[in-house]
Amino acid sequence: MSTYAVPPRVSEGTSSPVSSMEGWRAAWMAARNDPDGFWLPETRERIAWDQPPTVGLAGDFHDIADERISWFADGQLNVTRSCLDRHLETRGDKVAILWEGDEPGDVRRITYRELHAEVCRAASALRELGVQKGERVIIYMGMVPEAAIAMLACARLGAVHSVVFGGFSAEALKDRIRDCAAEVVITQDEGMRGGKTIPLKATCDEAVIGERSVRKVLVYRRTGVHVAWDAERDVWWHDVVPTQSADLDAVSCGAEDPLFVLYTSGSTGRPKGLVHSCGGYITWASYTHEIVFDLREDDVYACVADVGWITGHTYIVYGPLANGATTLMFESTPLYPDSGRYWDVVQRHGVTIFYTAPTAIRALAACGDEHVTRYDRSSLRVLGTVGEPINPDAWVWYFDVVGEKRCTVVDTWWQTETGGICITPIAPATPTKPGSASLPNPAIVPVLLDDQSRVIVGPGEGRLCLAQPWPGIARTVWGDHARYVSTYFSTFPGYYFTGDGCRRDADGYHWITGRVDDVLNVSGHRMGTAEFEAVLMSIDAIGEAGVVGYPHDLKGQGVYAYVVLQSDAGEVTDQELEAIIRAACRTQIGAHARVDLVQVVPGLPKTRSGKVMRRILRKVAEGPPDQLGDVSTLADPSVVEAIVAGAKR
Ligand code: PRX
């Protein structure tokens, strides 16, 4: 496979400390061999500490059940001083948040000075509502600047925010409110997306019923629609925020105090609340954002993710603001009002760095090049992708058509748990290969393990693990450290197990092959098969259910459900069943949780001891299986024949 060595533009303007392959190699070796020696000076220089740390890393992946990982533990800081206060002198009038609303051209520009003032006001209002250091605040909003302001306002007080993606249902929101015992929920009357409204306040009303921890609901007015109102509990943002003082001292926090909790799906059970710390996270967010994208002072940086996911946390809010960048927030979709929207945004705002997901790239490539080429993209310099493996065709289209063969494509691999980008090209330095996330960032030591937990040396394919702690790693699962340890550190003791498969080629480049556990990745949305199965099992007519992923040209993965009907289920057509299942997934998880294919089966393939052989379900869902492997342990082989005969693909 050829490499795409984009002429490095390291000359003027780059502030990146890693702008060549030699620079990357030296930094990587230094961070691996002497983590404290590398990261202590880095964070002291990069971050506005109230009290700079004198200790670096403590703990390792072997003893993680007893001693948590910590970085910079004796340091004191408030991350908003790095993101706001320290920019006031030199960047006060620079645009911090450049907001592009749902309707093209509906734009807000918020300077660092204005953002600082607004965060102080929002933090004062939250304080008046009783929010204190360490308390949890759920943020259930769309892509309005106030979502970022709310996050930063929590951080200003040392309160712990938990952003819940605005597409989640009332039940999913309720689960998260309950799990972290949130005291306040911040929402808005309605969200806007693709010309449609999203009833955020109404959903929030349903979610907070009976949740005694929630004292107040703070509501930002976006559309002005009439919403139900509980005068005891609900408070309008515009009634309590604008009257506050524009200056509020930031609460000094310990480096290891939690900054936020973000829920994500795993192989089993309910979503886990990953806890990110203040000091390590902000260091990692700032460092990776600067080096990977080769950030320049005059960049217009656009990450078109949602703040409800980790990408939005690290690469819309914390990383760019810590680096004093202009960060674009995008409320709409790539297809509204038509499939040229991204490039219209690029042209109008002169975007220089653009960061999106493979699923959007594939969808746009299918719409035809003319939707891209009619816009001026000459401002673009770096193109990023994240969230799922990018197929080489989509990569080449992004490089050739969007980037006019001039821009560097950075395929960035990372996870909610890793806090920031781990394996990626570094824009000015790394020769790229279409479809490969390439090489690890400094502090990331990837190891491939085989089924027998043996380390694979040189080229090969195995389970992707990371061998050393980096500053941005999530420290625990909210309220359940044992679950954190068993999920990530028990499969391969001594290593952090990512859940992904990976191939390494002869050049040491990494090619992520996708999840090897029971986590699905549909259009970049991470969902657990167990969560779908729990929804299906809540439907009266269904006795048993098995859910797996299958390859999908546009979405990366589709969702395939095998269901066994209850004997007394009565007559139900396939269409009725699909409608019932889709409605249940929408209500219990959210609109993004859609089952694509449903197959009614006489039984699930089980071993004699009653364990479902998911391997067979996967194989059939992947397409006509040439062989199913060893089925001799099956309790009832006739079930498999019926499954194969009725397969939907
Ligand atoms: O399977 C990997 C995939 O997304 C998973 C993490 O999902 P989430 O925690 O929601 O975070 C997504 C945004 C960081 C990973 O385990 N993934 C993410 N980026 C890539 C990827 N797979 C392949 N290539 C990537 N660049």
### Query
How about the stretch 398-429: which of its residues are buried (at least 22 other Cβ atoms within 10 Å of the Cβ) and in a helix (DSSP H, G or I)?
Tyr398, Val402, Glu417, Thr418
### Query
Using beta carbons and a limit of 7 Å, which pairs, at least six apart or on different chains, have the first residue in the stretch 256-284 and assigned by TED's automatic domain parsing to the domain that holds Ile589 and on the phi > 0 side of the Ramachandran plot and the second one within 14 Å of the ligand (Cβ to nearest atom) and open to solvent by 10 Å² or more (accessible area, probe 1.4 Å)?
none
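Out of all the residues in the stretch 316-360, which are at positive phi and either open to solvent by less than 20 Å² (accessible area, probe 1.4 Å) or under 17 Å from the mean Cα position of the chain (by Cα) (or both)?
Restricting attention to the stretch 316-360, the residues satisfying the condition of being at positive phi are 324, 350.
Once the filter is applied, which keeps residues that are at positive phi and either open to solvent by less than 20 Å² (accessible area, probe 1.4 Å) or under 17 Å from the mean Cα position of the chain (by Cα) (or both), the stretch 316-360 yields only Gly324.
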## Note on the structure
Scanning the stretch 300-309 for residues that are open to solvent by less than 10 Å² (accessible area, probe 1.4 Å) and either in contact with a helix residue (DSSP H, G or I) (Cβ under 8 Å, 6 or more places away or on another chain) or outside any loop (DSSP other than H, G, I, E, B) (or both) gives Tyr301, Ala302, Cys303, Val307
### Query
Of the numbered conditions (1) away from the ligand (no atom under 16 Å from the Cβ); (2) touching a Phe, Trp or Tyr at 6+ places or on another chain (Cβ under 7 Å); (3) among the basic types (Lys, Arg), Arg215 satisfies every one except a single condition; which is it?
(2)
### Message
I need the helices (runs of 4 or more DSSP H) fully contained in the stretch 310-392, keeping only those with at least 2 residues that are modelled with pLDDT of 95 or more and of a type in the set (A, V, I, L, M).
### Response
319-322, 341-349, 358-365
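Taking Val225, is it open to solvent by less than 10 Å² (accessible area, probe 1.4 Å) and of a type outside the set (Asp, Glu)?
For Val225, the condition - open to solvent by less than 10 Å² (accessible area, probe 1.4 Å) and of a type outside the set (Asp, Glu) - is not met.
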### Query
Scanning for something open to solvent by less than 30 Å² (accessible area, probe 1.4 Å), closer than 30 Å to Ser436 by Cβ, away from the ligand (no atom under 16 Å from the Cβ) and in the same structural domain as Ala65 (by TED's automatic domain parsing), does the stretch 491-500 turn up at least one residue?
yes
### Task
With respect to Asp230, determine if the residue is under 30 Å from Ser70 (Cα atoms), in a loop (DSSP other than H, G, I, E, B) and open to solvent by 40 Å² or more (accessible area, probe 1.4 Å).
no
### Task
Look at Arg113 and say whether it is open to solvent by 10 Å² or more (accessible area, probe 1.4 Å) and not in a helix (DSSP H, G or I).
no
### Query
Somewhere in the stretch 139-150, is a residue within 18 Å of Trp309 (Cβ to Cβ), assigned to a strand (DSSP E or B) and in contact with a helix residue (DSSP H, G or I) (Cβ under 8 Å, 6 or more places away or on another chain)?
yes
### Query
How many residues, within the stretch 599-616, are open to solvent by 30 Å² or more (accessible area, probe 1.4 Å), of a type outside the set (D, E, K, R) and in contact (Cβ under 8 Å) with a residue 40 or more places away in the chain?
3
### Task
Would you check which residues across the stretch 396-411 are among the charged types (D, E, K, R) and within 16 Å of the ligand (Cβ to nearest atom) and list them?
Asp411
### Message
Of the conditions (1) away from the ligand (no atom under 12 Å from the Cβ); (2) of a type in the set (Val, Ile, Thr); (3) open to solvent by 10 Å² or more (accessible area, probe 1.4 Å); (4) in contact with a strand residue (DSSP E or B) (Cβ under 9 Å, 6 or more places away or on another chain), Val386 satisfies every one except a single condition; which number is it?
### Response
(1)
### Summary
Residue pairs qualifying under the 6 Å Cβ cut-off, at least six apart or on distinct chains, with the first in the stretch 384-399 being closer than 16 Å to Ser523 by Cα and among the charged types (D, E, K, R) and the second being within 6 Å of the ligand (Cβ to nearest atom) and open to solvent by 10 Å² or more (accessible area, probe 1.4 Å), are Glu388/Asn521
### Message
The conditions are (1) more than 30 Å from Pro199 (Cα to Cα); (2) in contact with a strand residue (DSSP E or B) (Cβ under 9 Å, 6 or more places away or on another chain); (3) open to solvent by 20 Å² or more (accessible area, probe 1.4 Å), and Asp596 fails exactly one of them. Which is it?
### Response
(1)
### Query
What number goes with the only condition from (1) in contact with a helix residue (DSSP H, G or I) (Cβ under 8 Å, 6 or more places away or on another chain); (2) of a type outside the set (D, E, K, R); (3) open to solvent by 40 Å² or more (accessible area, probe 1.4 Å); (4) within 21 Å of Gly269 (Cβ to Cβ) that Tyr488 does not pass?
(3)
#### Entry: Tally, over the stretch 412-445, of residues that are in contact with a Leu (Cβ under 7 Å, 6 or more places away or on another chain), of a type outside the set (A, V, I, L, M) and either more than 13 Å from the ligand (Cβ to nearest atom) or not assigned by TED's automatic domain parsing to the domain that holds Ala27 (or both)
1
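The values are calculated or read from the model by the stated rules, or taken from the named source; none is laboratory data. As the structure is a computational prediction, the values presented were derived from the model and not from experiment. Cβ: placed from backbone, ideal geometry, glycine included. Neighbour counts: every protein chain shown. Areas reflect the complete protein model, heavy atoms only, side chains present, ligands, DNA and RNA absent. Shrake-Rupley method; radii C 1.70, N 1.55, O 1.52, S 1.80 Å.
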